[in-house]
Amino acid sequence: MPAPPIRVGLFVTCLVDLFRPSVGFAAVKLLEAAGCAVDVPPTQTCCGQPAYNSGDRADAKAIARQVLDAFEAFDYVVVPSGSCGGMIRQHYLELFADESALLRRAQHLAERTYELVSFLADVLKLERVEARYDGVATYHDSCSGLRELGVKEQPRKLLRSVAGLRLEELPGAEICCGFGGTFCVKYPEISDRMVADKAADIAATGADTLLAGDMGCLLNMAGKLTRLGKPVRVRHVAEVLAGVAGETPPIGGAAAGRS
Amino acid sequence: MEPTSNAFKENAHRALADANLQKALGMMRRGFPNKRATALARLPEFDALREQAKAIKDHVLENLDLYLEIFEQNVIAQGGQVHWCRTPQEARETVLAICSRLDAKTVTKGKSMIAEEMALNDYLEQHGVTPVETDLGEYIIQIRKEHPSHIIAPAIHLVKEQIAESFRQTHKGLDPARPLEEASALVAEARTVLRQKFLSADVGITGANFCVAETGSTVIVTNEGNGDLTQTVTKAHIVMASLEKLVPTLEDLSTLLRLLARSATGQEFSTYTTLSTGPRRADDTDGPGEYHVVFLDNGRSAMLGTEFQDMLRCIRCGACMNHCPVYGTVGGHAYGWVYPGPIGAVLTPTLLGVDKAGHLPNASTFCGRCESVCPMKIPLPRMMRHWREHEFERKLSPAPYRYGLKAWAFLATRPPLYRFTAAVASRVLGWIGAPHGRFRSLPLAGGWTQGRDLPAPEGRSFMSLWAERRKAGP
């Protein structure tokens with residue numbers, strides 16, 4: 001008798017929901033291909049990070065409780081974002097540190113929650129993906145995924161198995177792109193200079209494609225690259241790993257300087 | 001110095017337009033991190049050392065009163081004196097009283113951030129005592145009438161052409177046609193000028209990287225040797241320190257020293273590590289006539305037992321600012337007070353009041369790089385977030401921002417309404433943005449679209465598409 005499939009709840013994230021559903025469906029495709037049964041609880045909205053990082057603990061808690069309720073029943077919770085994944089895995093524990101019943105639930109949730117690519121590589125032990133992408137890609141390490149969740153080698157390992165893709169390392173890949181959630185709203189001028197530096201580093205690699213695992217960073221970097229007219233296509237790493245990049249234009253539309 | 005932290009945005013705007021500053025920061029951004037990474041690669045036990053170091057400082061902070069008393073007893077036993085000052089004003093008066101009693105006209109100074117915190121130079125000058133900074137970086141900014149922009153590299157905001165120009169203006173007696181293009185020429189000239197001042201100084205003031213309780217010693221680490229000269233040839237050596245500099249033993253000191261230089265400059269050890277224990281004894285060939293340690297509290301003891309206590313583990317290596325992308329973009333002066341970067345984002349609101357420095361804990365992307373490189377494992381982003389919570393509770397954050405957040409939270413806690421709004425928003429924005437896939441400008445997003453495009457949504461929300469897929473069946 002085959003083992004029952006792993007039940008995965010997909011936490012879509014608010015930016016994927018609003019800006020780029022393709023990433024959500026790419027995640028579903030990857031998870032289903034790896035033998036998971038995926039569901040998407042409709043009561044999810046956001047992880048609460050904007051409130052949490054703005055000092056609004058009450059609203060952050062209310063939203064976090066919603067997530068606790070929505071994802072109680074799954075074996076795993078998978079998030080196509082290191083930032084939202086880090087919020088659930090680490091910061092919910094701080095939010096509920098003084099409320100033992102909720103803290104236990106938050107711990108239970110944290111233990112089962114993974115960023116998408118690290119779930120594929122570390123939990124499902126995926127060694128390779130069946131996908132093709134013709135191009136030279138460079139990869140930006142989004143801060144929360146890298147430093148809160150240890151996502152570093154996993155995307156590189158899986159990207160190396162994509163047929164036709166050559167990975168070119170990005171100097172300063174671990175330096176923040178300047179998005180920073182509410183930071184880009186509160187300090188747009190500084191944020192813009194940071195992403196300008198990042199865009200220059202990306203362009204200098206000569207890669208035709210930029211990949212990362214977080215929509216916030218991707219919107220920021222794609223927006224700067226198109227404004228500067230740099231011929232770089234920007235995509236979420238899940239789109240390339242799932243082999244669906246051909247189905248949608250890159251983030252921010254067709255890259256400048258290309259037909 | 002008068003804080004300008006509330007003008008952080010304006011300060012940052014100026015910094016972004018300053019070509020020399022941007023050139024200097026560009027060199028710093030890769031220089032310090034690369035050197036640190038090279039040093040760490042040769043120290044496999046770095047993380048174990050961090051744990052030890054953290055445990056040492058945590059223990060000190062839990063028993064601070066005890067170690068301060070032991071330290072004082074040992075300083076007295078060595079023939080020195082300890083002065084306890086609650087406020088910068090008390091500390092200034094204490095230093096001036098010593099200088100006046102010794103009829104000091106000139107004091108030489110090694111680097112001290114505590115002296116910056118109490119604006120000691122200005123105070124001494126107002127009272128007829130001339131302070132001479134002897135650390136090269138501090139000397140440069142002193143003659144330029146500036147403040148340090150970095151805690152270990154105070155003149156990091158300058159390029160060498162600016163320094164050469166300042167030297168030509170200040171060192172009047174020298175040949176105006178002398179070459180000053182090379183950094184070595186600048187160092188040699190500063191050394192010649194400063195040597196004379198060392199010999200004529202009455203009192204030497206240094207900071208303290210550490211205070212060792214078991215011996216009553218203060219410790220400075222430098223690369224120029226100026227700190228040694230400052231203290232050995234004077235009537236009195238005055239050490240400016242803050243309470244959290246205490247370590248119990250010399251053994252503990254050596255653990256922390258193994259982390260400090262590597263984290264700061266990527267050196268295994270600074271060129272000079274100087275322990276000062278009491279004044280000159282009868283059979284010593286040199287040394288200061290008197291030895292004073294002036295402790296400034298300035299709000300630190302009030303941090304004990306609060307969510308900000310961890311900040312007192314800081315050993316001032318500067319790794320957090322060396323790796324901070326915001327510091328690396330705007331430089332240290334934008335932060336508007338003594339401590340820039342992530343340290344300043346936590347410490348400035350603590351020491352000055354959050355109403356005077358509310359921007360600083362907000363001006364972080366929470367990228368976490370500061371915490372990841374901190375040798376003392378200080379959770380800097382978490383403490384910045386604590387400050388944001390204080391600001392939110394006291395309604396100090398800008399009103400439009402708070403209302404916007406509340407409106408968003410209203411939606412985010414009502415899933416059906418949220419789903420509907422997201423579905424409509426992605427349709428509308430997707431439709432308007434469809435021709436190019438991006439917006440060059442958008443109402444309410446002017447800050448973003450000033451310098452970059454906003455990618456357009458694909459046109460449908462994930463949740464609405466998922467619901468359709470579910471309805472259609474597998």
For the protein assembly as shown, with +1 on Lys and Arg beta carbons and -1 on Asp and Glu, the positive-most of B:278, B:399, B:372 along the dipole: B:399
Amide proton proximity set for residue B:291, modelled H, under 5 Å, gap of 5+: B:81, B:237
Mean-position separation - Cα centroids, the range B:400-474 and the range A:1-65, in angstrom: 17
Of B:132, B:106, A:143, farthest towards positive along the dipole that unit charges on Lys, Arg, Asp, Glu beta carbons give the protein assembly as shown: A:143
Electrostatic dipole magnitude of chain B [Cβ: Lys, Arg +1; Asp, Glu -1; Cα centre; debye, to 20]: 2740
Surface/4 estimate of mean projected area, convex hull on alpha-carbon atoms of the range B:43-301, nm²: 14.6
Antiparallel DSSP beta bridges within the protein assembly as shown, percent to nearest 5: 20
Residue mean of other protein chain beta carbons inside 10 Å, A:17-30: 5
For the range B:339-474: span of alpha carbons on each principal axis (Å, largest first): 59, 35, 32
Nonlocal amide H pairs with residue B:135, under 5 Å, H built at 1.01 Å: B:111
Inter-chain Cβ neighbour average for residues B:4-11, partner chain, 10 Å: 1
Per-residue Cβ neighbour rank within 10 angstrom, fewest leading, B:387, B:408: B:408, B:387
Separation of alpha-carbon centers, the range A:190-226 and the range B:176-211, rounded to whole Å: 44
Per-residue [θ]222 nm for the protein assembly as shown (sum of -39500 (n - 2.57) over DSSP H runs n ≥ 4, rounded to 500): -14000 deg cm²/dmol
Relative contact order %, the range A:128-247, counting alpha carbon pairs below 8 Å whose residues are six or more apart: 33
Taking B:383, A:221 and counting other C-beta atoms within 10 Å, the order from fewest to most: B:383, A:221
Kyte-Doolittle at least 0.0, axis length at least 15 Å by Cα - qualifying DSSP helices, chain A: A:21-33, A:215-227
Estimated vicinal HN-Hα couplings, Hz - the range B:228-236 in sequence order (Karplus 6.51, -1.76, 1.60; Gly, Pro = x): 5, 4, 4, 9, 8, 10, 10, 5, 8
Footprinting exposure proxy for B:8, B:46 (fewest neighbouring C-beta atoms within 10 Å first): B:46, B:8
Rounded FRET efficiency, nearest 0.05, which uses the C-beta distance separating residue A:136 from residue B:304 and R0 of 51 Å: 0.40
Dipole in debye (nearest 20) - chain A, about Cα centre, beta carbon charges: Lys, Arg +1; Asp, Glu -1: 400
Extreme residue, positive dipole direction of the protein assembly as shown, given options B:219, B:247, A:177 (C-beta unit charges): A:177
Percent of beta bridges antiparallel (DSSP, chain B, rounded to nearest 5): 30
Peptide B:441-453 - average C-beta neighbours from other chains (10 Å radius): 5
Sequence-separation-based contact order of chain B, relative, with Cα cut under 8 Å and 6+ spacing, percent: 20
Interatomic Cα distance distribution for chain A, bins of 5 angstrom, percent: 1, 6, 14, 18, 19, 17, 12, 8, 4, 1, 0, 0
Nearby lysines by direct alpha-carbon distance to residue A:230 (threshold 23 angstrom, same-chain neighbours under 8 apart not counted): A:198
Size of chain B as Cα extents on the principal axes (Å, biggest first): 96, 58, 45
Residue B:162/residue B:424 FRET efficiency (R0 45 Å; Cβ-Cβ; nearest 0.05): 0.25
Added length on full extension, which subtracts the Cα-Cα distance from 0.36 nm per residue, residue B:73 to residue B:55: 4.1 nm
Chain A - percent relative contact order, Cα under 8 Å, separation 6 or more: 18
The range A:6-122, dipole about Cα centre (Lys/Arg Cβ +1, Asp/Glu Cβ -1), debye to the nearest 20: 80
Isolated Cys in chain B, by beta carbon distance under 4.7 Å: B:85, B:99, B:211, B:314, B:317, B:324, B:374
Projected label distance in nm at residue B:472 and residue B:122, using a 7 Å step from Cα toward the beta-carbon: 7.0
Aspartates and glutamates whose Cα lies under 18 Å from that of residue B:406, excluding same-chain neighbours fewer than 8 positions away: A:56, A:59, B:389, B:391, B:393
Within straight-line cross-link reach of residue B:471, lysines at Cα separation under 22 Å, skipping those fewer than 8 residues along the same chain: A:29
Pairwise centroid distance, computed over Cα atoms, of the range B:309-351 with the range B:231-274, Å: 20
Additional length obtainable on full extension of the chain from residue B:40 to residue B:18, 0.36 nm per residue less Cα span: 4.6 nm
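Since every read-out is calculated from the coordinates, none of them should be taken as a lab result. Here the structure is a predicted model, which is why all the values come from computation and not from measurement. FYI the Cβ positions are ideal-geometry reconstructions off the backbone, even for glycines, and counts take in every protein chain you see.
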